[in-house]
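Just so you know, all these numbers are worked out from the coordinates, no wet-lab data involved. Note that the structure is a prediction, hence the values are computed from the model and not measured. Here Cβ is always computed from backbone atoms with ideal geometry, including for glycine, and neighbour counts include all displayed protein chains.
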Amino acid sequence: MHRVVLPETGTMDAWREAARRLATHAVPPAQVEWAVGEAPQGLFDPEPLPSGEGRALKVPRAFLEIAEKAILHRDPAAPDLLYQALVRLQDQPQLLSDAADPLVRRLGALQKAVHRDIHKMRAFVRFREIPSDRDRRRFAAWFEPEHRVVEANAGFFARRFSDMDWAIHTPDLSVIFEDGEVSFAPGAPRPDLPDDAAESLWATYFTNIFNPARIKLGSMRQHMPLKYWKNMPETAQIPAMLEGAEARVRAMQAAGATQAPARAATITERYRAAMPKAPAVIGTLEEARAAVRHCTRCDLCRHATQAVFGEGPAGARLMVVGEQPGDQEDLAGRPFVGPAGKVLDEVMQASGLDRGRAWMTNAVKHFKFTPRGKRRIHQSPDKGEVAACKWWLDLERDFVKPQLTLGLGATAAQALTGTGAGITRRRGTVEDTSSGPVLLSWHPSYILRLPDAGRAAEARAELAEDLALARKLLA
Amino acid sequence: MTPELSRKLAILSDAAKYDASCASSGTERRDARKGGLGSTEGSGICHAYTPDGRCISLLKILMTNFCIFDCAYCVNRVSSNVERARFSVEEVVTLTLEFYRRNYIEGLFLSSGIIRSPDQTMADMVRIAKTLREEHGFKGYIHLKTIPDASPELIDEAGLYADRLSINIELPQDDSIRTFAPEKRPETIRTAMARVRSGREASRETSHTGKRPARFAPAGQSTQMIVGADGANDATILNTSSRLYAGYGLKRVYYSAFSPIPDSSAMLPLVKPPLIREHRLYQADWLMRFYGFEAEEIASATPDGMLDLGVDPKLGWALAHREDFPVDVNRATKEQLLRVPGFGTKTVDRILSARRHRTLQWDDLVRIGASMTKAKPFISLPGWSPGGLIDAQNLRARFAPPPQQLSLF
């Protein structure tokens with residue numbers, strides 16, 4: 001029989017060293033007795049730990065993560081359970097992924113409890129300021145953790161409160177931080193810390209941030225267990241807060257609506273009068289751009305970010321009309337800036353057309369989409385939406401008066417010519433409309449959507465061909 | 001620490017309590033080893049809980065509760081007679097640092113009423129964040145409530161100092177925003193959210209010279225929606241949320257049950273806040289973000305578009321789709337397992353890995369941590385088949401609490 005007594009600080013390192021020596025010599029778990037802190041009185045003289053080279057050990061990283069936490073648990077069985085797992089891991093390297101194994105589950109529970117206690121210490125330690133005659137301010141706290149987590153938490157507090165001196169005292173161990181150095185001292189009874197004026201401000205905050213109309217005591221106790229309350233100054237406020245809560249809610253309801261102060265109406269009137277409004281008469285492109293922001297001619301405005309109006313020089317000879325803004329256009333508020341816009345830019349450039357000299361716009365000004373997880377999936381606008389938005393497109397055509405309008409895709413064809421049917425057959429041809437000649441072609445996003453690379457290249461070439469025709473017509 | 005400061009703190013924390021979005025999670029790692037004060041490491045920390053069950057993680061205050069807007073649901077609207085106060089930049093900075101040093105908080109959550117103009121208010125808030133970061137080397141968490149009508153440049157600047165930016169959508173439908181918050185405009189709220197998303201994306205792209213752009217709101221953006229003030233049903237609320245998640249990459253949508261406020265407006269009823277409804281919406285939101293449910297699916301289990309208050313939305317969905325069950329725990333796909341009531345995401349991960357070692361039996365699932373009372377009608381495994389249980393007429397009644405007489409209050 002072996003007996004291993006682990007120290008209260010550096011517990012993990014000591015366990016690891018002992019466990020390594022035992023496991024390399026394949027000592028069965030039943031032959032080892034473990035303890036933390038004081039050595040228990042045994043009925044026998046323990047054998048010394050085996051030394052010298054034994055078998056090589058395989059330990060997955062995940063096991064060390066579990067062990068680092070579980071070894072801090074006050075359950076006296078923790079070191080033994082970890083040693084059992086270490087021994088079994090030598091034959092069963094995948095052991096830890098078997099969540100249904102009783103040992104794995106038990107170690108998981110120990111790890112979780114310690115993890116929670118570490119987190120709660122970070123949350124619930126309350127420092128009080130202590131007079132200091134040095135240039136660094138001094139703080140101290142008293143805390144009673146459930147498990148041996150003080151050492152594991154020292155680094156957290158040191159990284160966070162590095163410009164002040166502080167100490168956290170607990171029954172088992174004190175951690176002290178002075179001039180940037182962490183040290184440990186034995187545990188002590190609760191020290192008498194001086195009053196700190198900030199505590200009354202904190203109590204003021206705690207009392208006032210509470211909403212008396214929604215009492216959820218179970219939720220409070222679940223996250224802030226009673227065992228921590230005695231060292232948290234704000235919890236002294238809770239009984240009074242609860243006692244007054246219902247009366248406060250009743251008073252609010254009884255009081256009901258009140259008379260507004262006299263100044264309110266003037267302020268409201270002044271602000272509302274200055275809010276942006278749609279111009280009453282639209283006489284220019286810029287007025288149309290201002291007006292479209294307020295458009296509610298169809299329901300698309302309720303879901304899109306913003307209306308995306310056309311852009312370009314007012315007297316452009318070429319107008320390019322797409323379907324509707326996509327995800328990127330909707331965010332940026334500008335047409336043709338997403339992936340389809342990039343394709344169009346490339347093909348226009350290759351065809352000798354200058355985007356900066358064309359009026360770029362869409363048949364529909366708001367983005368229509370359906371949400372799927374973290375993405376918005378494009379949806380084609382329906383006939384009603386196209387018809388509602390045609391009002392804006394007609395305004396653009398009236399103001400810009402292009403020599404030629406390039407309609408990309410079926411939706412643009414629908415808006416410009418009254419029908420979106422038969423685009424395959426109609427592309428590359430010029431149709432006369434009451435607002436001037438319209439040349440139809442593929443929409444660049446159609447090219448992007450084609451799964452067949454050969455067919456996509458073909459469509460892209462056809463778009464280039466149509467753009468070259470546009471250039472010729474404008475020359 | 002003057003009595004005046006205490007009075008202002010009382011007024012301006014009371015005025016901030018109706019905003020639920022005060023988490024401190026998911027930002028970059030920082031600490032004070034090279035100077036300054038504070039750190040952010042992985043998960044956020046809740047430093048205390050009040051009896052309303054809400055966590056206190058940040059010092060959540062308004063810079064001022066003077067406000068020129070007149071939002072019917074808000075205690076600070078211009079037409080309210082609530083007592084007013086205004087913090088100076090130094091006061092907010094001092095409170096944040098002194099609370100932080102005593103380990104009361106993770107940082108600051110600063111919001112404000114609108115004074116003079118949206119731009120001036122936003123500029124003052126940005127100055128507070130900048131002072132904390134640049135003059136005091138504060139490395140803790142900062143959440144700034146962004147004023148949607150402020151200029152885009154101020155939003156960009158706010159993103160340099162804040163971990164998280166949030167812009168409240170306030171209400172689930174554009175029409176309700178226009179009715180109850182006439183000075184706010186849904187389109188500018190969404191445009192500001194789009195600006196934050198674009199700012200974050202730009203900050204993550206390294207330029208062709210390999211230079212890293214300035215950080216921008218590393219903890220992302222969130223929003224809050226008030227539940228129960230307008231007539232929107234849960235289906236509408238969840239659809240709005242899913243559009244916000246998809247459109248602006250929000251980390252969270254917070255739901256806040258409309259709660260009686262002192263000095264209320266005649267436009268809104270002072271009923272008891274619908275806390276269970278709020279809870280069900282959070283559960284449904286979880287299903288959308290972690291369980292692969294779409295908003296329409298969750299709502300489709302409810303004929304009137306309202307979530308069942310008696311059972312959680314996942315159980316509600318399963319009860320409405322009994323033809324998809326029972327699910328064979330040893331053979332089902334991850335997607336199928338995630339739809340089983342009583343199986344959380346961790347349980348499903350454990351089932352998938354444990355399945356490689358053994359054929360799972362009832363006791364294995366108990367050890368794994370599954371909630372078997374909930375799961376048993378919906379699963380099958382060696383030695384267990386739900387038989388007629390899945391089709392039982394009274395299956396819902398086994399889970400729902402007994403009906404209660406409606407409270408008159």
Under a Cβ-only charge scheme (Lys and Arg +1, Asp and Glu -1), can you give me the dipole magnitude of chain B about the Cα centre, in debye to the nearest 20? 1340 debye
Percent antiparallel among DSSP beta bridges confined to the stretch B:3-196, nearest 5, equals 25 percent
Mean Cβ-within-10 Å packing, highest first, puts peptides B:63-69, A:425-431 in the order B:63-69, A:425-431
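Give the peptides A:269-280, A:295-306 in descending order of average Cβ contacts within 10 Å, highest first. Show your work: numbers first, answer last.
Working: A:269-280: 11.1, A:295-306: 19.6.
Ranked by mean Cβ neighbours within 10 Å, highest first: A:295-306, A:269-280.
Based on the Kirkwood radius over alpha-carbon pairs, what value in µm²/s does the Stokes-Einstein equation return for the translational diffusion coefficient of the protein assembly as shown at 4 °C and 1.567 mPa s?
Details: Rh = 31.5 Å.
Approximately 41 µm²/s, per Stokes-Einstein.
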Amide H contacts under 5 Å for A:Ile130, restricted to residues at least 5 apart in sequence or on another chain and with H modeled in the peptide plane, are A:Arg138, A:Phe139, A:Ala140
Given a Förster distance of 56 angstrom, what is the FRET efficiency for B:Asn81 paired with A:Ala109, based on the Cβ-Cβ distance and rounded to 0.05? 0.55
Evaluate E = 1/(1 + (r/R0)^6) for A:Ala387 and A:Glu287, where r is the Cβ-Cβ distance and R0 equals 35 Å; express this FRET efficiency to the nearest 0.05. 0.95
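What's the average, rounded to a whole number, of partner chain beta-carbon atoms within 10 Å of each residue's beta-carbon in A:197-206?
Values: counts 2, 7, 2, 2, 10, 10, 1, 8, 15, 6.
Mean inter-chain Cβ contacts per residue within 10 Å come to 6.
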Amide H neighbours of B:Tyr141 under 5 Å, counting only residues 5+ apart in sequence or on other chains, H built in-plane at 1.01 Å? B:Gly107, B:Leu108
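What average number of partner chain Cβ atoms lie no more than 10 Å from the Cβ of the residues making up B:258-267? Please list the in-between numbers first.
Details: counts 1, 6, 11, 3, 6, 6, 6, 4, 4, 1.
Mean partner-chain Cβ count within 10 Å for B:258-267: 5.
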On each of the three principal axes the extent of the alpha-carbon atoms of chain B, given in whole Å and largest first, is 68, 56, 42
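So for the stretch A:346-430, Kirkwood radius off the Cα pairs, Stokes-Einstein at 37 °C and 0.692 mPa s: how many µm² s⁻¹? Intermediate values should be presented prior to the final figure.
Values: Rh = 14.6 Å.
So the translational diffusion coefficient is about 225 µm²/s.
Return a whole-number percent for the relative contact order of the stretch B:287-409, with Cα pairs under 8 Å and 6 or more residues apart as the contact set.
Numbers: 123 pairs, mean separation 30.5, N = 123.
Result for the stretch B:287-409 is 25 percent.
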Using the structure shown, select from B:Lys60/B:Lys139; A:Lys374/B:Lys184; A:Lys216/B:Lys60 the pairs with a Cα to Cα distance greater than 24 angstrom. A:Lys374/B:Lys184
Using Cβ counts within 10 Å as a stand-in for footprinting exposure, how do B:Leu307, A:Leu450 rank, fewest first? A:Leu450, B:Leu307
For chain A, the spread of Cα positions along each principal axis, largest first, Å: 107, 74, 46
What do you get for the angle between helix B:152-161 and the principal long axis of chain B? Use alpha-carbon atoms, 0 to 90 degrees, nearest ten. 80 degrees
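Fully extended, how many nm does the chain gain between A:Ala255 and A:Ala203 (0.36 nm per residue separation, minus their Cα-Cα distance)?
Numbers: separation 52, 0.36 × 52 = 18.72 nm, distance 2.72 nm.
Here the answer is 16.0 nm.
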Taking Cβ-Cβ under 4.7 Å as the only way to count a partner, pick out the unpartnered cysteines of chain B. B:Cys22, B:Cys67
Taking θ as phi - 60°, what are the ³J(HN,Hα) couplings along the stretch A:422-433 by the Karplus curve (6.51, -1.76, 1.60), each to the nearest whole Hz, with x for Gly and Pro? x, 5, 4, 7, 8, 5, x, 10, 9, 10, 8, 10
Would you kindly derive the ³J(HN,Hα) couplings of the stretch B:345-361 from the backbone phi angles with the Karplus curve 6.51 cos²θ - 1.76 cosθ + 1.60 (θ = phi - 60°), listing them in order in whole Hz, with x for Gly and Pro? 5, 5, 4, 5, 4, 5, 4, 4, 7, 5, 4, 6, 9, 7, 7, 6, 10
May I ask you to order A:100-110, B:49-59 by the average number of other C-beta atoms within 10 Å around their residues, highest value first? B:49-59, A:100-110
Under 5 Å between amide H atoms, partner at least 5 residues away or on a different chain: which partners does B:Val327 have, H built in plane at 1.01 Å? B:Ile379, B:Ser380
Take every residue in peptide B:195-202, count the Cβ atoms of other chains within 10 Å of its Cβ, and give the average of those counts. 1
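Need one number: % antiparallel among DSSP beta bridges in chain A, to the nearest 5.
Working: 22 of 46 bridges.
Percent antiparallel among DSSP bridges in chain A is about 50.
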Report, to the nearest 10°, how far helix B:89-101 tilts away from the longest principal axis of the Cα atoms in chain B, using its own Cα long axis and a range of 0 to 90°. 50 degrees
Would you calculate the volume per residue, in Å³, of the smallest convex hull containing every Cα atom of the stretch A:2-120? 107 Å³
For the stretch A:285-474, place one equal point scatterer on every Cα, skip the solvent, and apply the Debye formula. What is log10 of I(q)/I(0) at q = 0.16, 0.18, 0.19 Å⁻¹? -0.96, -1.25, -1.41
Helix A:453-474 against the longest principal axis of chain A: what's the angle in degrees, Cα atoms only, rounded to the nearest 10? 40 degrees
Output the antiparallel fraction of DSSP beta bridges having both residues in the protein assembly as shown, as a percent to the nearest 5. 35 percent
Taking the Cα centre as origin and putting +1 on Lys and Arg beta-carbons and -1 on Asp and Glu beta-carbons, what dipole magnitude results for chain A, to the nearest 20 debye? 1960 debye
Give me the distance in nm between label points sitting 7 Å out from Cα along the Cα-to-Cβ direction at A:Gln222 and A:Asp192, one decimal. 4.2 nm
Spatial extent of the stretch A:125-186: Rg and Dmax, with the Cα atoms as the point set, Å: 11.1, 35
Checking the table B:Lys17/B:Lys251; A:Lys368/B:Lys211; A:Lys365/B:Lys211; A:Lys230/B:Lys346; A:Lys342/A:Lys472; A:Lys69/B:Lys346 against a 25 Å threshold on Cα-Cα, which pairs fail? A:Lys368/B:Lys211; A:Lys365/B:Lys211; A:Lys230/B:Lys346
Report the calculated FRET efficiency for A:Ala77 and A:His25 (r = Cβ-Cβ distance, R0 = 30 Å), to the nearest 0.05. 0.85
Eligible lysines near A:Lys401 by straight Cα distance, threshold 18 Å, same-chain separation 8 or greater: A:Lys390
Counting only helical runs of four or more DSSP H residues, what would the 222 nm mean residue ellipticity of the protein assembly as shown come to if each run contributes -39,500 (n - 2.57) and the total is spread over all its residues? -12000 deg cm²/dmol
Relative contact order of the stretch A:285-474: what whole-number percent is it, with Cα pairs under 8 angstrom and at least 6 residues apart? 24 percent
Please work out the Cα center distance from the stretch A:12-27 to the stretch B:290-360, rounded to the nearest Å. 44 Å
If I model a spin label as a point 7 Å beyond the Cα along the Cα-Cβ vector, how far apart are those points for B:Arg29 and B:Thr206 in nm? 1.9 nm
Stretch B:Arg398-B:Glu153 to full length: gain in nm at 0.36 nm per residue minus the Cα-Cα span? 82.6 nm
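Please compute the contact order of chain B in relative form: average sequence separation of alpha-carbon pairs under 8 Å and at least six residues apart, divided by the residue count, as a percent.
Working: 697 pairs, mean separation 46.9, N = 409.
That works out to 11 percent.
Please compute the length gained on full extension between B:Thr94 and B:Arg127, using 0.36 nm multiplied by the number of residues separating them and subtracting their Cα-Cα distance.
Values: separation 33, 0.36 × 33 = 11.88 nm, distance 1.40 nm.
Length gained, B:Thr94 through B:Arg127: 10.5 nm.
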